[in-house]
């Protein structure tokens, strides 16, 4: 079974992610703030992290950067990170933050599922 740790504060984004990713082989756990990711990592031990661009007081890019620093330092295990961007121009930020993949909202459920499946199949984070 694959586990996905998902961070978003908007219910509509959560509904889209859950409907696209949850199945008999994939469990999705949600936190509502980027600062809650740490506790989620320990609890869920995810195979994939999905971060919405807008997450409470610590957004997706800041959370991704923070996680990448900790992964590089060996404080947390490497996990692939998928960012859900608000606009095409945010792709630069996604690259700079060390995200392994990104999609621009509004989300296409089939593309989200395929992207997550491909990232879960690799189960390793890209070296940043």
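So the values come out like this:
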{"quantity": "Modelled FRET efficiency - R0 22 Å, residue 111 with residue 12, Cβ distances, 0.05 increments", "calculated": "0.80"}
{"quantity": "Compactness index (Cα Rg / 2.2 N^0.38 Å), the chain", "calculated": "0.93"}
{"quantity": "Estimated FRET transfer efficiency when R0 is 30 angstrom, pair residue 69-residue 19 (beta carbons, to 0.05)", "calculated": "0.40"}
{"quantity": "Percent of beta bridges antiparallel (DSSP, the chain, rounded to nearest 5)", "calculated": "5 percent"}
{"quantity": "Calculated [θ] (222 nm, deg cm²/dmol) that DSSP helices of n ≥ 4 give over the chain, each run adding -39,500 (n - 2.57)", "calculated": "-12500 deg cm²/dmol"}
{"quantity": "GNM top mover of 33, 66, 25 - the chain, alpha-carbon springs below 10 Å", "calculated": "25"}
{"quantity": "Percent RCO, i.e. relative contact order, over the stretch 2-121, from Cα pairs under 8 Å lying at least 6 residues apart", "calculated": "26 percent"}
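Every read-out reported here was derived from the displayed coordinates using simple, explicitly stated rules and does not represent laboratory data. What you see is a predicted model, and the numbers here were worked out from it, not measured in a lab. Cβ coordinates were reconstructed from backbone atoms using ideal geometry, including for glycine residues, and neighbour counts include every protein chain displayed.
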